[in-house]
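Okay, so here's the structure we're looking at.
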Amino acid sequence: MPAPFFRSSLLSASAALLLLATPSARADVPAGMVEVPAGVYRPLIRGEKDPKEVPVPSFSIELMPVTNADFLEFVRAKPQWRRSQVKRIFADTGYLQHWAGDLDFGPPENRLSPVVFVSWFAAKAYAVWKGGRLPTTAEWEYVANVGFVSIDGAKEPDFMRAIATWYSSPAPDTLPPAGAGRSNLLGIHDLHGLVWEWTSDFNSTFVSGDARGDTGLDRQFFCGAGSLGASDRTNYPAFMRFGFRSSLKAAYTVHNLGFRCARNL
């Protein structure tokens, strides 16, 4: 992550119009993706030397997270990413553990559920295979702040309640199909409410060992001090995402961690 986590400043009226026009704005945006116009975001938590505002260039992002069916096509084309063949340096022992076999994602109802138990390395390889990349954390947080019916979801009570409900609920044993949840104003599904998602730069604030004993690190990132300089101390879901991503390593696989692809424009 170029900077830890980002939360939007208000977009201009012209940017809002661009958002509303996005689905048909460009012919070079692939099917299943949507254009996101450029904007400016403020870090939720930042170091003393980090900028207060970070520009986010225009990009495209998938409308839904990658499914088991999607990932099956990938491992068929790239045998080195099959469960029995992946190198341990690129994925831990939990990799695709919910699948019945190398080329079998299990019961039919799993077909359209988001793929989980995938490492960052595997997610990145899939994105490159599809001609794209993983979104940056800034990009992901940028679109994740768009509400159901407005640009600034933080001002939308129904949106904020829905997010709070998901973050306080355990993941179900069987994940629902991707896209089953309500989309945001851009038409993007499941940024909240289904699974956590990998970003390309998830580990830019990663610290190892007992961070309190490390040297050369900004003390404000640890324990309760992490919220002191936050741009919005009430944005608990963003704090949770910050903590979760900071705890990850690239080879980790988690039962409720998936991903989606992005592209440059």
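The values are calculated or read from the model by the stated rules, or taken from the named source; none is laboratory data. Please read these numbers as outputs of a predicted model, since none were measured by experiment. When we count neighbours, we look across all protein chains shown, and the Cβ atoms used for this are built from the backbone with ideal geometry, even at glycine. The area values use the complete protein model at the heavy-atom level, side chains included, leaving out ligands, DNA and RNA. Shrake-Rupley method; radii C 1.70, N 1.55, O 1.52, S 1.80 Å.
Key figures for this structure:
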item	result
Ranked order, E197, E53 - accessible area, probe 1.4 Å, largest first	E53, E197
Accessible area, probe 1.4 Å, largest first, for residues F244, F71	F244, F71
Rounded accessible area of F90 (nearest 10 Å², 1.4 Å probe)	70
Among 77-83, 166-172, 179-185, 57-63, the order from most to least packed when residues are scored by Cβ within 10 Å on average	57-63, 179-185, 77-83, 166-172
Accessible area (Å², 1.4 Å probe, nearest 10) - M240	80
For the range 62-119, alpha-carbon Rg over 2.2 N^0.38 Å	1.05
Radius of gyration and maximum dimension Dmax of the range 54-206, Cα, Å	16.2, 47
As computed over the range 117-198, the Cα convex hull volume per residue (Å³)	111
Rounded to the nearest 10 Å², the accessible area of V149 at probe 1.4 Å	100
Placed amide H near L63: partners under 5 Å, 5+ positions off or other chain	M33, V34
